């Protein structure tokens, strides 16, 4: 490919931007590794093994449950003639819009001793005290696993469904003509071929689980993430907290590497797959069971929680809440708006650099900048603080040196930290979307305008950008929504007296006063629905 | 040239950060105490002195923030809800001593720092709430480890500052070995994993999940004035432990001045206002705590709970053992 | 030779549209049948029906004496669903257009896929045998994406032949192959199939392949078989306008005929030797070699055609000629109903002719018909 452009400044800027996005994590890692506090040894001898054990157990159960929910539902939807298939197909995606900590709170409310379920049971059976009967305790590791699996399984469902739907049915036919029944063909051909997609989705679920903070904190399940939080804010030991964060990063890295390896298994696929499939016809009893399974997921993962929220909102909302909602809402919007816009601009910058240049490592800046997605929010917050604090001081010192009055802590003490963290975390989404969008533009369009006398800026502005408009919108929206929902990083980095919707909701939850913020919670869910609806629409179009 | 570069690179940042310069008479407060508690006091102060009070509220992380901000921190006054945080701030060298006879005279000796770096504003007791169905009991904190309470004790996280202070006082009184053993035994007696907050434990007693819980004194008053929570409070006695020996464990809410305070004079004025009679009375009535200034009575409701003997161990002593307490809690795996 | 495949009265409807109507077909063991027809005529549907991927509405399919979609009890044919033999039990093999090789398995595993029911030792023997015949030994551990198109096709065939099917179906097997390799490949594969004594049906839209590759040819149109015979017979004796037209066996000249004479815009001619034909308006299938070209036109030799298209081939210049606009028939003919046949329906537009003589576009010439065994057809509406 002929390099259309060979700008040294562009190249340099790209590398610098990528570096800037990665530096905080590096600083944290270095800080953590070089920390030799006795605190760390103490932790290691006492509670750290339990933290680790809890973290790994939680991850294990969440992935297992999510696989069960996600793969099974994908198989039912793609391979059988289940009733209401068209509706279920997109309904099963909805739980993605629910933050896990919201579901956790609502179900605790529901199943607690004082909650309606147990009250009803006691009234019905005449039990008086907790010693009279056994009821499961939801605030345990098992409970947290179920909560997380309920809202994360749609990742697996979505990717597995896509994999099955795109499969060339001729492969199944070939298998059948070679003597295997439809069922055998599914297990020996369809399922193995979907494995790379399933693996990618599972690693996504795993990363989200490791990053979760609010749910496990609410359930008093002590994982590495809660340990990081506590160590920093309880012991006040940034070094030890960084060390813990580094361990968490190692776990995440492990997951990422495993996922990369499985990605290698995505082999070539026919250019014109035969998508016409023969659906398994379910008997009446099979229909009942399958429907029960799928509808349970939809109800438990989305419908029931949202109904509970709406009821709560109707019962408890008052005018005072609206003003709080407005201010926190605006804060959320502000922060997310900045993050989304910056992320998209960076993605465009790096994406076009990759497209129009020819040096060997031209996709490095973009790849590197996307690394932040794997970093859990809490860890990222640590990294920000370790980096921006000293930077602020340097800035101030420099300002004074140059004769200005010190501006104060403009980086670490302000929105800059949050916005920066969000950009680092979600650049990957913007990158991925925009890169694939740029790939769709035919190469000829890079050269044609030049033949008509237009220079590069004009070409990009007048030709490429208009074509990319829907992709840009999608990327912006995805980052915007993720930023709206993000919790751990916001909690740690926000300036005082600055609440976003997510932090406000979380605050209320830990005070057991969610009713005061039900409206806000509904708002978060609605925002979460936006990209799901858009994704669905665009998938149907393609 | 360098100036120009500086401006072009960093001015846009100011837009994002919403940074703006301020200039009038004012004082900046970083507060662990919730806004609705302290705002009435500050309004009164501004009425009297014309000094504007800017409050930033932080549930966690104030000390870390101050440490990071360093000499560029805008904080003047720090309000905390317990002694541990004050000591932590001092340990990190974030405070400065305040030379104020008014403060020294208004506050009993054991409730202010010897080096004038921190001052208590109110006191609170860490009570033991017990189910009325048990009848009246006379408990010591040490009794919580007793076999007979197996499966009947509830508490919030051991690492919450209120509990950490209590554990630290146990260390001061009994030493590390005893306290570690005590912690393990108490953990053994827990009805459920430490979770929720102090009021949540009383709710658990009401639900008959346990019979005994730890909780601060003012929560009792708060529960009684809440429609939903009154039901819980009505089913428990509020007990002042260790009345036969050293007395109940006391904690404080306090105030200190930040090391790099930009408005030191105004800050001192505010601190002195907070120990004045009217301010102390407000504290007592609004939050149902015990005012630190002698001569200012507690609210009627609070007084109705009875007089009690307080542990006279200097708070500084207790706070010294804070880190040890945390380590012991980890060793006992209390929360896990 | 016995009939391996018998299809009787086969009708298949898809989404309320009749794709196959009352199709009849018999194929002998060891024969390779080439199935041609325009797109949408039902070739793929027929393959799918034979393979067991679509259920017929009416009719029967029998392979090697086994009825695949029904049961004869007491002389009555019962086509119940429960008698429908599923694809995996039919012992029919298929080569798909994109080969449908399993990407997650090696070449060896692909070939072994249908041999699960054999003992391990038997499997190994079979696999090695096939690997050798298809010259795939050095690729046995490779994955599909590492092979070239030709190699992939060999794997596809080896895999299909491994379980020794009774019938092999091939769906456009050569359409993905480079034109230069195509012939080589066809010969090679035909040899292999004959070696295995395989009965096969292959579908193609390229009729030329049938001559090299197949023993028999079937022309399909709109769900029915128009003609089924050896390729040479079909080409010499097409049985209908559609067959002749689809196979492009010549160009069409409209004529009116009676027992002994024919009239066309090229003039009159005597009919001595022809296929049986009704009187009236018919179409004559005429090959370039049956036309005579006269370049000199004057009063005695009137022009009756003009050049519309010129190209150069190894047979000399190739022309398409159309009738002249203003020619008037010296004598109009009459069709069967006695109606006078107008000039318009007698016009021709693409008579094909080869010649060494150079003509120019729109040049007017005189064509005449050499006597031969005339083939007249009625054009369907």
>> Can you list the helices (runs of 4 or more DSSP H) lying wholly within the range A:440-506 that have 1 or more residues being free of Cβ contacts under 8 Å to residues at least 24 places away in the same chain?
In response: A:444-451, A:456-459, A:465-485
>> Looking only at residues that are in a helix (DSSP H, G or I) and at pLDDT below 90 in the range B:107-143, which one is nearest to residue B:274 (Cα to Cα)?
In response: B:111
> Is it fair to say residue A:250 is modelled with pLDDT under 85 and surrounded by fewer than 20 Cβ atoms within 10 Å (Cβ to Cβ)?
Replying inline: yes
> So which residues in the range C:172-185 are buried (at least 22 other Cβ atoms within 10 Å of the Cβ) and within 14 Å of chain A (Cβ to nearest Cβ)?
Replying inline: C:173
>> For residue C:188, only one of the following conditions fails: (1) surrounded by fewer than 22 Cβ atoms within 10 Å (Cβ to Cβ); (2) in contact (Cβ under 8 Å) with a residue 12 or more places away in the chain. What is its number?
In response: (2)
>> Among the residues that make up the range C:265-277, is at least one of them touching a helix residue (DSSP H, G or I) at 6+ places or on another chain (Cβ under 9 Å), on the phi < 0 side of the Ramachandran plot, surrounded by 15 or more Cβ atoms within 10 Å (Cβ to Cβ) and in a strand (DSSP E or B)?
In response: no
> Before we move on, is residue A:475 assigned by TED's automatic domain parsing to the domain that holds residue A:355 and crowded, with 22+ Cβ neighbours inside 10 Å?
Replying inline: yes
> Any idea which residue in the range B:13-34 is nearest to residue A:421 (Cα to Cα), counting only those that are assigned to a loop (DSSP other than H, G, I, E, B), at pLDDT 75 or above and more than 12 Å from chain A (Cβ to nearest Cβ)?
Replying inline: B:33
> Which residue out of A:115, A:143, A:126 is away from chain C (no Cβ under 14 Å), at pLDDT 90 or above and more than 30 Å from residue A:276 (Cβ to Cβ)?
Replying inline: A:143
>> Take the conditions touching a helix residue (DSSP H, G or I) at 6+ places or on another chain (Cβ under 6 Å), within 14 Å of chain A (Cβ to nearest Cβ) and either buried (at least 21 other Cβ atoms within 10 Å of the Cβ) or in contact (Cβ under 8 Å) with a residue 24 or more places away in the chain (or both) and apply them to residue B:273. Does it pass?
In response: no
>> For residue A:181, only one of the following conditions fails: (1) modelled with pLDDT under 85; (2) in contact with a helix residue (DSSP H, G or I) (Cβ under 8 Å, 6 or more places away or on another chain); (3) within 14 Å of chain C (Cβ to nearest Cβ); (4) surrounded by fewer than 19 Cβ atoms within 10 Å (Cβ to Cβ). What is its number?
In response: (1)
>> Residue under question is residue B:37, and the condition is that it be touching a helix residue (DSSP H, G or I) at 6+ places or on another chain (Cβ under 9 Å), more than 14 Å from every other protein chain (Cβ to nearest Cβ), closer than 25 Å to residue A:495 by Cβ and surrounded by fewer than 21 Cβ atoms within 10 Å (Cβ to Cβ); does it hold?
In response: yes
> What number of residues within the range C:91-102 satisfy the criterion of being in contact with a strand residue (DSSP E or B) (Cβ under 7 Å, 6 or more places away or on another chain) and buried (at least 20 other Cβ atoms within 10 Å of the Cβ)?
Replying inline: 5
>> Going through B:302, B:255 one at a time, which residue ends up being touching a helix residue (DSSP H, G or I) at 6+ places or on another chain (Cβ under 9 Å) and either within 14 Å of residue B:121 (Cβ to Cβ) or surrounded by fewer than 19 Cβ atoms within 10 Å (Cβ to Cβ) (or both)?
In response: B:255
>> Scan the range A:256-274 and tell me whether some residue there is at pLDDT 80 or above, in contact with a strand residue (DSSP E or B) (Cβ under 8 Å, 6 or more places away or on another chain) and within 14 Å of chain C (Cβ to nearest Cβ).
In response: no
> When you scan the range B:153-209, how many residues do you find that are assigned to a loop (DSSP other than H, G, I, E, B) and farther than 18 Å from residue A:220 by Cα?
Replying inline: 3
> Checking residue C:208 against (1) in a helix (DSSP H, G or I); (2) modelled with pLDDT under 90; (3) in contact with a strand residue (DSSP E or B) (Cβ under 7 Å, 6 or more places away or on another chain), which test does it fail?
Replying inline: (3)
> What helices (runs of 4 or more DSSP H), lying completely within the range A:1-120, carry at least 3 residues that are farther than 30 Å from residue A:159 by Cβ?
Replying inline: A:8-34, A:38-45, A:48-79, A:100-111
> Pick from A:97, A:59: which is closer than 30 Å to residue A:518 by Cβ and either away from chain B (no Cβ under 14 Å) or out of contact with any helix residue (DSSP H, G or I) (no Cβ under 6 Å at 6 or more places or on another chain) (or both)?
Replying inline: A:97
> Do we find that residue A:138 is assigned to a loop (DSSP other than H, G, I, E, B) and either more than 14 Å from chain C (Cβ to nearest Cβ) or over 18 Å from residue A:297 (Cβ atoms) (or both) in this structure?
Replying inline: yes
>> Quick test for you: out of B:227, B:294, B:317, pick the one residue that is within 14 Å of chain A (Cβ to nearest Cβ) and surrounded by fewer than 18 Cβ atoms within 10 Å (Cβ to Cβ).
In response: B:227
>> Checking residue B:262 against (1) under 20 Å from residue B:97 (Cα atoms); (2) within 14 Å of chain A (Cβ to nearest Cβ); (3) surrounded by 22 or more Cβ atoms within 10 Å (Cβ to Cβ): exactly one of these is not met. Which one?
In response: (3)
>> Checking residue B:146 against (1) within 14 Å of chain A (Cβ to nearest Cβ); (2) farther than 26 Å from residue B:85 by Cα; (3) at pLDDT 90 or above: exactly one of these is not met. Which one?
In response: (1)
> If you take the residues in the range B:43-82 that are without any contact (Cβ under 8 Å) to a residue 24 or more places away in the chain and within 17 Å of residue B:267 (Cα to Cα), which one is farthest from the other protein chains (Cβ to nearest Cβ)?
Replying inline: B:47
> How many residues, within the range B:320-335, are surrounded by fewer than 19 Cβ atoms within 10 Å (Cβ to Cβ) and either more than 14 Å from chain A (Cβ to nearest Cβ) or more than 24 Å from residue B:86 (Cβ to Cβ) (or both)?
Replying inline: 3
>> Here are the criteria: (1) in contact with a helix residue (DSSP H, G or I) (Cβ under 6 Å, 6 or more places away or on another chain); (2) under 23 Å from residue A:320 (Cβ atoms). Tell me which single one residue A:513 does not satisfy.
In response: (1)
>> Looking only at the range B:39-52, count every residue that is under 28 Å from residue A:233 (Cβ atoms) and in contact with a strand residue (DSSP E or B) (Cβ under 6 Å, 6 or more places away or on another chain) and tell me the total.
In response: 1
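The values are calculated or read from the model by the stated rules, or taken from the named source; none is laboratory data. Since we're looking at a predicted model, the values are computed, not measured. Here Cβ is always computed from backbone atoms with ideal geometry, including for glycine, and neighbour counts include all displayed protein chains.
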